[in-house]
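**Student:** A single structure is presented below for examination.
The values are calculated or read from the model by the stated rules, or taken from the named source; none is laboratory data. Remember, predicted model here, so these are calculated numbers, not experimental data. Cβ atoms come from the backbone with ideal geometry, glycine included; neighbour counts cover every protein chain shown. The area values use the complete protein model at the heavy-atom level, side chains included, leaving out ligands, DNA and RNA. Shrake-Rupley method; radii C 1.70, N 1.55, O 1.52, S 1.80 Å.
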Amino acid sequence: MPVTISFTAKAGTAADTAIVAVYSDNRLSPSAEDLDRDNDGVITRALKAGKAFKGKKGQILTLSTPKDSDYQRIMLLGYGDAAKLDRQGCETCGGKLLLALRTAGAEKAHLYINHDSAFEDLSGAAMAAHTAMGLKLRDYSFDKYKSKDDEDDESGNDAPEQCEVITAHEDEAQRLFAPLDAEAAGVFFARDLVNEPPNMLYPESFAKIIRDELKPLGVEIEIFDEKKLQKLGFEAHIAVGMGSARPPYAVVMRWKGDKKAAGIKGPLAFVGKGVTFDTGGVNLKPSGGMEDMKLDMGGAAAVVGLMKTLALRKSSADIIGIVGLAENMPSHMAYRPSDVIGSLSGKTIEVMNTDAEGRLVLADCLTYVQRTFSPSLVIDLATLTGAMMVALGYEYCGTFVNDNDLWTHMEAASKDSGEKLWRMPLDAVFKKDMESKIGDLRSLGGMGRYAGACTAAGFLEHFIEDGRPWAHMDIAGTAWIKSDTATCPKPGTGFGVRVLDRMIALHYE
Ligand code: BES
Ligand code: MN
Ligand code: ZN
């Protein structure tokens, strides 16, 4: 069971574990001082005796308590330099705390967070809310396919049932935590989808999961099966799915908030690449590492996770989501390199390599969403290129934006959420490079692997109409991690949900 988190000014029922903040050089927070006094100086004595714990960010020291104590154990949670502490730092501390609580076998915890005058940008309430968020995000597991408990699997160990965050600013902390809680639910939905194996998650089952999960929350859902896609003219998307026995689908979602934000004409649209497995197709990928290609629907997962978050927190914005779902397989039915295919836009595309499939799926979804809804802006998310990983690794999401205002909003949301974006170049040279000799466009640039992430963006740019503000987020590196972080056990991260939710909350509501 996941940990239940609550905020309160005064501790309620008894708990087995008390957690108090300690800053750099073992400066005690006021609650640490109080607890030390109530427990015969156990904290000050331990800090004098041992040298390893220094109150560094994320450091934790677990102490046993005297016989007559209210608690079985006290945990010192290091927050590092108080003057430099930010939200992400608090989330890191919260994530590490969850693991320590598991190791200790804690069942119920009191986490004392006091406002500290050394803080400049971070209120005591924000410290409480973001520490709780880190705890929550780390408390994720994906063990539905384990037939019995795996003792070596740390993520499977039971978390504490309850964590009460004790703060003098309980209302404010609760107010800050509520949207984060909705984000965590969206992130978990996205992680679940990415972690799901491709024999279970394929276009049709993906579409059903979206409907079952989001419809009850008030999201309007429209599902396009292959016949409907054909009728509409999604020719490029269909070409990608042709080699698979499992037909392609698209799902359109709409969350209609209850008020129009000033100055915004038309909904915001989010487009996700949902290739449920990418073998490369006839241009088959090398076998080593191919198992990772179940992540290739990470963009679609982020879009549906975002829709869930918006619905849960009842966003006032008007939001469209669309995901293009297909499985890229080699077979006698599959599309071939050198095929010339059509697209919903009317542009023809010379297929240079069947492994460059994501851009084909996105192209039709981009056209559809623009022509149907006239959105005020479009953002697509896709695990689009290995080249993006070569450039930025797991840390940054390369973001191509044709509009400086939109970039300003995304950058601010990135800072706020901690999901890192790095602006990449859109350039007429990359766009031009995608023109074909025998059709309108070709799916690979003449530079081959060089600038692969940029030419992919240049290809997508051909499908943006009327100079509409648009951003392309290549999440190939950030959708999936090889080793765990403080707030995410590997591998699916749910990247994109938080930065886009913050962008909507800060600038479009
Ligand atoms: N889904 C892959 C990109 C990818 C690679 C995502 C590794 C995550 C991790 C995409 O469809 C692909 O195969 N891209 C090719 C493009 C090439 C054929 C131009 C690539 O990156 O090699
Ligand atoms: Mn591919
Ligand atoms: Zn792919």
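**Student:** Of all residues in region 440-459 being assigned to a loop (DSSP other than H, G, I, E, B) and open to solvent by 20 Å² or more (accessible area, probe 1.4 Å), which is nearest to ASP501 (Cα to Cα)?
**Tutor:** Applying the first criterion (assigned to a loop (DSSP other than H, G, I, E, B)) to region 440-459 yields 440, 443-451.
Among the residues that remain, those that are also open to solvent by 20 Å² or more (accessible area, probe 1.4 Å) are: 440, 444, 446-451.
On the way: ASP440: 36, LEU444: 32, GLY446: 37, MET447: 36, GLY448: 35, ARG449: 33, TYR450: 33, ALA451: 30 Å.
The extreme case among them is ALA451.
**Student:** Quickly run through region 395-426 and pick out the residues that are open to solvent by 70 Å² or more (accessible area, probe 1.4 Å) and within 25 Å of ASN353 (Cβ to Cβ).
**Tutor:** Residues satisfying the conditions do not exist here.
**Student:** Please indicate, with yes or no, whether at least one residue in region 10-25 is surrounded by 15 or more Cβ atoms within 10 Å (Cβ to Cβ), assigned by TED's automatic domain parsing to the domain that holds ARG138, in contact with a Gly (Cβ under 8 Å, 6 or more places away or on another chain) and free of Cβ contacts under 8 Å to residues at least 40 places away in the same chain.
**Tutor:** Within region 10-25 (the criterion being surrounded by 15 or more Cβ atoms within 10 Å (Cβ to Cβ), assigned by TED's automatic domain parsing to the domain that holds ARG138, in contact with a Gly (Cβ under 8 Å, 6 or more places away or on another chain) and free of Cβ contacts under 8 Å to residues at least 40 places away in the same chain), the answer is no, since none of the residues qualifies.
Residue-by-condition table, conditions (1) modelled with pLDDT of 95 or more; (2) of a type in the set (D, E, K, R):
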{"position": "GLY446", "(1), (2)": "no, no"}
{"position": "GLU465", "(1), (2)": "yes, yes"}
{"position": "ALA471", "(1), (2)": "yes, no"}
{"position": "ILE475", "(1), (2)": "yes, no"}
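**Student:** Next up: Give just the number: which of (1) farther than 28 Å from GLY467 by Cα; (2) outside the structural domain of ASN283 (by TED's automatic domain parsing); (3) away from ligand 1 (no atom under 16 Å from the Cβ) does GLY393 not satisfy?
**Tutor:** (3)
**Student:** Considering each of VAL323, VAL304, VAL275 in turn, give the residue that is away from ligand 2 (no atom under 12 Å from the Cβ) and part of a strand (DSSP E or B). Outline the logic, then answer.
**Tutor:** Working: VAL304 fails: part of a strand (DSSP E or B); VAL275 fails: away from ligand 2 (no atom under 12 Å from the Cβ).
The match here is VAL323.
**Student:** List pairs: first residue in region 342-363 and farther than 14 Å from SER436 by Cβ and away from ligand 2 (no atom under 16 Å from the Cβ), second residue open to solvent by 10 Å² or more (accessible area, probe 1.4 Å) and in a loop (DSSP other than H, G, I, E, B) anywhere in the structure, Cβ distance under 6 angstrom, at least six positions apart or on different chains.
**Tutor:** From region 342-363, the pairs are LEU344/GLY233.
**Student:** So which residues in region 278-301 are away from ligand 2 (no atom under 13 Å from the Cβ) and either of a type in the set (D, E, K, R) or not assigned by TED's automatic domain parsing to the domain that holds ARG336 (or both)?
**Tutor:** Answer for region 278-301, where residues must be away from ligand 2 (no atom under 13 Å from the Cβ) and either of a type in the set (D, E, K, R) or not assigned by TED's automatic domain parsing to the domain that holds ARG336 (or both): just GLU291.
**Student:** If you check SER338 against the conditions, is it at positive phi and either more than 13 Å from ligand 3 (Cβ to nearest atom) or buried (at least 20 other Cβ atoms within 10 Å of the Cβ) (or both)? Please lay out each step first, then the result.
**Tutor:** Working: at positive phi: yes; either more than 13 Å from ligand 3 (Cβ to nearest atom) or buried (at least 20 other Cβ atoms within 10 Å of the Cβ) (or both): yes.
Criteria met by SER338.
**Student:** When the residues of region 205-222 are narrowed to those that are part of a helix (DSSP H, G or I) and in contact (Cβ under 8 Å) with a residue 60 or more places away in the chain, which ends up surrounded by the fewest Cβ atoms within 10 Å (Cβ to Cβ)?
**Tutor:** Step one: filter region 205-222 for residues part of a helix (DSSP H, G or I), giving 205-217.
Checking which are in contact (Cβ under 8 Å) with a residue 60 or more places away in the chain leaves us with 206-207, 210, 213-214, 217.
Details: PHE206: 25, ALA207: 21, ILE210: 27, GLU213: 19, LEU214: 22, LEU217: 14.
Top of the filtered list is LEU217.
**Student:** Can you tell me which residues in region 35-75 are more than 21 Å from LEU101 (Cβ to Cβ), outside any loop (DSSP other than H, G, I, E, B) and open to solvent by less than 100 Å² (accessible area, probe 1.4 Å)?
**Tutor:** THR44, ALA49
**Student:** When region 335-362 is examined, which residues are found to be under 25 Å from the mean Cα position of the chain (by Cα) and part of a loop (DSSP other than H, G, I, E, B)? Walk me through it before giving the result.
**Tutor:** Quick first cut of region 335-362, residues under 25 Å from the mean Cα position of the chain (by Cα) only: 355-362.
If the condition is that a residue be under 25 Å from the mean Cα position of the chain (by Cα) and part of a loop (DSSP other than H, G, I, E, B), then ASP355, ALA356, GLU357 are the ones that fit.
**Student:** Within region 188-196, is even one residue out of contact with any strand residue (DSSP E or B) (no Cβ under 6 Å at 6 or more places or on another chain), in a helix (DSSP H, G or I), open to solvent by 30 Å² or more (accessible area, probe 1.4 Å) and farther than 30 Å from THR17 by Cα? Step through it out loud before you land on a result.
**Tutor:** First, the residues of region 188-196 that are out of contact with any strand residue (DSSP E or B) (no Cβ under 6 Å at 6 or more places or on another chain): 188-190, 192-193, 196.
From what is left, the residues that are in a helix (DSSP H, G or I) are 188-190, 192-193.
Still in the running and open to solvent by 30 Å² or more (accessible area, probe 1.4 Å): 188, 192.
Subset that is farther than 30 Å from THR17 by Cα: 192.
Checking region 188-196: at least one residue is out of contact with any strand residue (DSSP E or B) (no Cβ under 6 Å at 6 or more places or on another chain), in a helix (DSSP H, G or I), open to solvent by 30 Å² or more (accessible area, probe 1.4 Å) and farther than 30 Å from THR17 by Cα.
**Student:** A further question follows. Filter region 460-487 down to the residues that are in contact with a Lys or Arg (Cβ under 7 Å, 6 or more places away or on another chain) and open to solvent by less than 10 Å² (accessible area, probe 1.4 Å) and list them by number. Quick ask: steps written out before the conclusion?
**Tutor:** Going through region 460-487, the residues in contact with a Lys or Arg (Cβ under 7 Å, 6 or more places away or on another chain) turn out to be 460-462, 481-484, 486-487.
Of everything in region 460-487, just one residue is in contact with a Lys or Arg (Cβ under 7 Å, 6 or more places away or on another chain) and open to solvent by less than 10 Å² (accessible area, probe 1.4 Å), namely LEU460.
**Student:** Tell me which residues, restricted to region 363-392, are under 19 Å from the mean Cα position of the chain (by Cα), of a type in the set (A, V, I, L, M), surrounded by 24 or more Cβ atoms within 10 Å (Cβ to Cβ) and outside any loop (DSSP other than H, G, I, E, B).
**Tutor:** VAL378, ILE379, LEU381, ALA382, MET388
**Student:** Consider GLY321 carefully, then state whether it is touching a residue at least 40 places away in the same chain (Cβ under 8 Å), under 22 Å from the mean Cα position of the chain (by Cα) and within 16 Å of ligand 1 (Cβ to nearest atom). Quick ask: steps written out before the conclusion?
**Tutor:** Values: touching a residue at least 40 places away in the same chain (Cβ under 8 Å): yes; under 22 Å from the mean Cα position of the chain (by Cα): yes; within 16 Å of ligand 1 (Cβ to nearest atom): no.
Answer is no for this residue.
**Student:** Does SER141 satisfy the condition of being without any contact (Cβ under 8 Å) to a residue 40 or more places away in the chain and polar (S, T, N, Q)? Reasoning before the result, please.
**Tutor:** Working: without any contact (Cβ under 8 Å) to a residue 40 or more places away in the chain: no; polar (S, T, N, Q): yes.
No; evaluated as a whole, the condition is false for this residue.
**Student:** Of the conditions (1) open to solvent by 10 Å² or more (accessible area, probe 1.4 Å); (2) within 16 Å of ligand 3 (Cβ to nearest atom), GLY281 fails just one. Which one is it?
**Tutor:** (1)
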